[in-house]
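Notes follow the structure.
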Amino acid sequence: MSKFFCSVILMMFVVGCVPLETKQAAFPDMYTDARPTSILILPAINKSTASDAASYITATLTQPFADAGYYVFPTLLTTDIFNNEGILDGRQALEIPKPVFKKSFGADSVLFVTINKWDKNYAILAANVTVAMSYVLISTTTEEVLWSYDQEVVIDTGGDSSAGLLGAIIATAINTAVQDYIPIAQKVNNAAVATMPVGIYHPSVGQDGEVAGVSSEAKNKALQ
Amino acid sequence: MRYNKGIHILLLVLLLSGCVVTSPVGYYWGSYSKTYYTLLKDPTENNILAHEDNLRKIIRVSEEKNLKVAPGILAELGYLTSKRNNNQEAAALYEKEVKLYPESRVFLERLISSNDK
């Protein structure tokens, strides 16, 4: 018995005591008629200090949601339309009643995306980027939250330490200057979308309810 | 000897399949994010054209491989051509998108009617 408890305690340490839910337990509405077929992405809310972060996120958002089986309205068009209406980022759309998006776009759901952190850290022998995002998907029919997630990734962008100290300084400087952030933006978006129940264009639609790996903490944090 | 034959067949299959990378749903995206980012960052005529070329390539490769064109690709190309006042091509592309994805009907029919004005 005590052996059993020991292993339970050990397991809790190993998994870091983060309560994980299945997709269906975390997002039950996504397994009912409320599951959207289409997603309208609102212009990203950028709370980070990096001015170009929003462009990286916008350019990489459509693909993971489309690959998850949803119709995603083309952001190249919708961003222009929002901008013409004076909506430069999602903050200005928070107060708009969600059925408006159903009426004017035919969208079943709207996605609010917030860039919380886009920090480039430089050190002599290493460099990394921390990106923290939150995603909230809201039904345009019920105005309920269908899916939400908070996702952070830290990616090493450091130079080559084998080249000696001076070489490393130069390599780090060069790497951070010409760093391609597209794969980083893709990584954070993909990690978040992996927790989302898939939609009608995906072969596993309605069958991924038992897939575990949704952190309740990350689900709730996105709503704060 | 038999092993060698197997390798040859495998290589032949790989060669014939053309090795196009697609997503699990079966969409081909090419380097979509890259040219889209460049356009957002610096919307010069050259960068818009580069994205347009990329969209045409995505459509061409998808059709060659009998894949459904990914959501939004046809509409995006339609939008960029409408900006050059090529409303006929734009309307044809929007209609193709609506046919593939009926969810886009409300939105794109509005765009078509606003182009006609």
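For the reader, a short list of remarks on this structure follows.
- For beta carbons closer than 6 Å, sequence separation of 6+ or different chains, a first residue in the range A:31-55 that is in contact (Cβ under 8 Å) with a residue 24 or more places away in the chain and crowded, with 16+ Cβ neighbours inside 10 Å and a second that is aromatic (Phe, Trp, Tyr) and not in a strand (DSSP E or B), the qualifying pairs are A:Ile39/A:Phe65; A:Ile39/A:Tyr70; A:Leu40/A:Phe73; A:Leu40/A:Phe101; A:Leu40/A:Phe105; A:Pro43/A:Phe82.
- Scanning the range A:205-224 for residues that are outside any helix (DSSP H, G or I) and either touching an Asp or Glu at 6+ places or on another chain (Cβ under 7 Å) or touching a residue at least 60 places away in the same chain (Cβ under 8 Å) (or both) turns up A:Val205, A:Gly206, A:Asp208, A:Gly209, A:Glu210, A:Val211, A:Ala212, A:Gly213, A:Val214, A:Ser215, A:Ala222, A:Leu223.
- Residue match in the range A:154-172 (condition: of a type in the set (S, T, N, Q), crowded, with 19+ Cβ neighbours inside 10 Å and at pLDDT 95 or above): no
- Index of the failed condition, B:Ser82 passing every other in (1) within 12 Å of chain A (Cβ to nearest Cβ); (2) on the phi > 0 side of the Ramachandran plot; (3) polar (S, T, N, Q): (2)
- Remark: B:Ile112 matches the filter, which requires a residue to be among the β-branched types (Val, Ile, Thr) and within 24 Å of A:Phe101 (Cβ to Cβ).
- Picking from residues in the range B:40-70 that are over 24 Å from B:Glu95 (Cβ atoms), in a helix (DSSP H, G or I) and within 11 Å of chain A (Cβ to nearest Cβ), the one that is farthest from the chain's Cα centre (by Cα) is B:Lys41.
The values are calculated or read from the model by the stated rules, or taken from the named source; none is laboratory data. Since this is a predicted model, take the numbers as computed values, not measurements. Note: ideal-geometry Cβ built from the backbone for every residue, glycine included; neighbour counts use all protein chains shown.
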